Each structure stands twice: as structure tokens, then as C-alpha cells.
Protein chains: 4
Amino acid sequence: MTTHVERVRQSFFKQPFMSTLGAELTAVGEGMVEIRLPFSPSLTQQDGYLHAGAVTAVLDSACGYAALSVAPADHEVLTVEFKVNLLAPAAGKVFIAKAQVKRAGKKLTVCTADAFAITGDTQKVVATMLTTIMAVPITPAK
Amino acid sequence: MTTHVERVRQSFFKQPFMSTLGAELTAVGEGMVEIRLPFSPSLTQQDGYLHAGAVTAVLDSACGYAALSVAPADHEVLTVEFKVNLLAPAAGKVFIAKAQVKRAGKKLTVCTADAFAITGDTQKVVATMLTTIMAVPITPAK
Amino acid sequence: MTTHVERVRQSFFKQPFMSTLGAELTAVGEGMVEIRLPFSPSLTQQDGYLHAGAVTAVLDSACGYAALSVAPADHEVLTVEFKVNLLAPAAGKVFIAKAQVKRAGKKLTVCTADAFAITGDTQKVVATMLTTIMAVPITPAK
Amino acid sequence: MTTHVERVRQSFFKQPFMSTLGAELTAVGEGMVEIRLPFSPSLTQQDGYLHAGAVTAVLDSACGYAALSVAPADHEVLTVEFKVNLLAPAAGKVFIAKAQVKRAGKKLTVCTADAFAITGDTQKVVATMLTTIMAVPITPAK
């Protein structure tokens, strides 16, 4: 069944910020999502590394969509809160955020995600997220 | 003495991501920083609100610069980790991130920040951050 | 009106762990709670300071009760998650956790709390918490 | 080589709070630690479940010791901060906290841990921690 995959894809394309960053949805499964973000000088902080806000944006979207992939069909999801540890400078040509559902509840879903910097064949974890996401009924007017 | 203010301003202008977002540094004091982010459709998520990643970016930069403003002159700062609670949909024409140092240590500084959505005369808190920042000696080669 | 104060006091006395720690409820207001914890060698870690788990326990109870003090009468509260920064060694004769509601929502309430070590006239912040608490309807059977 | 195991065991026995809780060190490896906590009514909150502070105490000690197991021999470790998500009511006869190092750095080590409730043959995750731990040189006087 591909319904949850379709929901995630449709919502992703309605997130202008993902497009502003240049992020792409590269994988969607039941309870897992991957987002790819190519390096761009426009996304950097003062030392030339990817800004933590850009890293967080793709981690947050990946987690939100992982949660959406297991949510009831008539619900959407909202991020309640997240924690991010920056494990290494975000240096690389491409970054991949890999999110998975840790526990899906009726109202709240907890997800984890890692962000990896990829340069050639090497893949290095640069950040990790632990987040709480709330499922809310879709209101007709929206 | 304006040295710490100057350091913060100089570093801010070297953060391309702040410029990509359209963020401006609006206040710097000893242990406090404010960053202003006008709303833009390019920064939104699927419901038209500011993306949590954009909110986090200005909260993180504000906290980092608040920490830098109290760091020794030969040190720079790196974000170790942060937690963000999203308190309300980030709806507004302008957003302001206000950061302050909670405790400054030799190596680690803890900061808090709130993000406010401003529409006309009303100001509403939409997110809050609690973060750990590390001061590291500036290496000559950089 | 003292109803919310009464609810908090009644629930506090039903928390055996608070009694095991030796903690006392010292203040309850609308959206604020204080808990006092005298130092005891039985609560320490390897260096003789209060264990982070003991500090967290009183911060968590203080935040939970601050949230309960503003919850509807037919609801109880559950901690969803918290983050704690340990700001200084928890050295002192008495500790006080002071919690306040940051934002009260229909389902989720966000609270902050500081833990202070008190020795004579000096009061020093040793830890801070940012937490998400969920209000849930009390089920009749409970 | 069992040196790091020995260091962890020796430090654990110097943590009176672990003994107060009734916690036992059940496994130590390089970068991993398990702590077992039998249920006791003295550790509960108002609904009869294990108090979040007790759960956090064993998660924190497990993470600290996982970090210590990979720290240089002349260093000790201090918890900088942690985040805990409470995933399910802590109901069970025995709880086990399993911690592992996520990334070990020169100064800072990031660990994750899960707490499981065990009843008969079933094991259920009830909480998860993401934490930052600092290695500091042991001062001779201590």
C-alpha cells in the first residue's frame, strides 16, 4: 500500500522551505523517511559549514514525515519539540537526514533522526535529533 | 566598551544563511542578542507558517552570539546542542529571536531564547530554546 | 480560590518518591510551584554532590504540579519529555526547585524550572529544566 | 583489558543514590553500560508508576558510565545536560537502562540510552535519553 508514501510526498512538495534549501525527499517507508540536502554556500555559518538551522530543518521535516507515515489518514502532524546534538562540523558535499519512528502513540509520536555528511564514499554522522510530534485531526476548512 | 558588539556584528555578516533567510541583527548587548526575521513565503512549511528550521536558525544564531558576547576575546563559539519547544504556529509578519546567557562557564555557556511573532502591536511567543554552547580557542590558521 | 492548590497538595502527598527523597512542597500558586529538598548523603553521586536524578525528580514534580495548577479540574497531567541542563555542581544544604508555566495549551503545557542550591544567605542556580506536559481526562476507574 | 570496566564498577559503588534506589550495575563494556532497577513502591509517583526522576537517575548513570568507559584514564566525567522522552508508563517488576556512546569526542561525549520495563518475558521501552557528557581531568586533591 502506497497511501502513506503519497501523503508524505504531497506534503513535502507543499513545504516551500525545503525547496528554498534545495532539499529532496529521497526515501519514504512506513515509519522512516530520508531527505537529501546538497551543500550550498548560501546555507553556511561563519566557518563555512552548514548552519545548524539548515541541518535542523531537514532533520525536523524527516521526523515529521516519518510520523505522518504512520498517522491515521485523517490526521496531520505538528512538531511539539525537538533536541538536536551537533556531533561534528557539518562539512560535506551532500547531507542525508534519516528519520525513524521510535514510538507511535495515539496522540504523540517520538522520532529519532541522524544527519550524515557524505563525501565520496565516506559517510559521517554530524547531528542527531530526538523529537516529539503530535497528530491532530485535519480540519475540513484547511 | 563595544568590542564584544563588534565581534558579534562581524561574525553575523559572515553567516550566509542569515542573509539567505533575510535575518537582521537588531540588538547586541553583553550576554544578549536580538535577531529579526521578516516573514517570507519561501521560509514556510506545508500550512503556510514559518518552518521550524527557520525559527531554529535565528534562535540558534541569537544564542550563539549571546554566548560569543561574553566569551574571551581569543575564543570562538560552537553550538553543542539545543532543545526547541514550538509553542504556537509561527504566524506573523515579523519574528524576533531574543537570546540571553543563562550561565557562562569557562568552557560551556548555557543560553535561553524566545521567538516572538509580531503582527501590528501584538507580540506572541511562538518558540523557546535552551542550548549549550562551547567556547574554543581561535586557531591561528582560521 | 484554593482548588488548584488543594489538588496539587493532595497529589504531592500521593507521590512516595518525593517522600523517599525527603522533598517538601513549599509553595503553590496558579502556574507556579516550589519544592524544597534538603541535602542528604543518600542522594549523592560519586563526588558527594546531589545526583542529577534527584535534582531532576524535584524539577519534574515541580513542573508537573505547575501544569496541574492550570489544568481543567477533570484532567490530570503526564510528563511527555524534559531537558535538563546541569549548570553547576549540586552542592548545598538545601535545594529549591521553582517551576512556572511558560505556555498552557489545551492538550500540552510547557513549563520551565530552575533548581537552586542554598547555603546560608547565598542562592545559586544549579540546574534548569524545559519540559512538555500533557493534560489527560481523569478516567473514572482511577 | 578490563581497566575501564573496573573504573566504572568502582565509581558506581561510590554513588550512594544508586544504592538508595536499589539499582545494580549489570553490564559494562567499551562504550556501553546496563543498570538494573527493581520496582519498589518507594520510587513511585501518584499513579503507582516509577517516578520519572528514578528512571532518569538510572538512565543518567548508565550514560555517564558508558562515557567513562571510553574516557582517558586520567579523566572523570560530568553530565552537561540530557533530554528524556517518557514513552510509556513505567509499569513493571524490573527496569533496565541500556546506554551506549553515540559519539566520543575529546571533551564531549554524546550518549543515548533506553529504559525498558520487564515483566515476565516481555520487555517494553518506557523512556529514552539523549545526553551530553564532559570529560574533565581528575584533579589530584580529589
I need the full set of residues from region C:2-13 which are surrounded by fewer than 17 Cβ atoms within 10 Å (Cβ to Cβ) and either under 14 Å from C:ALA115 (Cα atoms) or within 14 Å of the chain's Cα centre (by Cα) (or both), in order please.
C:ARG9, C:PHE13
Can you tell me which condition C:PHE17 does not meet? The list is (1) within 7 Å of chain D (Cβ to nearest Cβ); (2) open to solvent by 10 Å² or more (accessible area, probe 1.4 Å), and all the others hold.
(2)
In this structure, does D:GLU34 turn out to be more than 7 Å from chain C (Cβ to nearest Cβ), closer than 21 Å to D:LYS102 by Cβ, acidic (Asp, Glu) and under 13 Å from the mean Cα position of the chain (by Cα)?
yes
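Yes or no, residue by residue, for (1) of a type outside the set (Asp, Glu); (2) over 19 Å from B:GLY48 (Cα atoms):
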| residue | (1), (2) |
| --- | --- |
| A:GLU6 | no, yes |
| A:ILE35 | yes, yes |
| A:VAL55 | yes, yes |
| A:VAL58 | yes, no |
| A:CYS63 | yes, no |
| A:PRO72 | yes, yes |
| A:ASN85 | yes, yes |
Would you please name the residue that is most open to solvent (accessible area, probe 1.4 Å), looking only at residues in region B:119-140 that are over 30 Å from B:LYS106 (Cβ atoms) and within 11 Å of another protein chain (Cβ to nearest Cβ)?
B:LYS124
Hey, among A:LYS106, A:LYS102, A:LYS98, which residue is more than 9 Å from chain B (Cβ to nearest Cβ) and at pLDDT below 95?
A:LYS106
Return the total of residues in region D:46-59 being within 7 Å of another protein chain (Cβ to nearest Cβ) and modelled with pLDDT under 95.
1
Within region D:115-141, residues in contact (Cβ under 8 Å) with a residue 60 or more places away in the chain and assigned to a loop (DSSP other than H, G, I, E, B) come out as D:ILE138
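The values are calculated or read from the model by the stated rules, or taken from the named source; none is laboratory data. Quantities reported herein were computed from a predicted structural model and do not represent experimental measurements. So basically every Cβ, Gly included, is an ideal-geometry build from the backbone, and we count neighbours across all protein chains shown. SASA here: full protein model, heavy atoms, side chains in, ligands and nucleic acids out. Shrake-Rupley method; radii C 1.70, N 1.55, O 1.52, S 1.80 Å.
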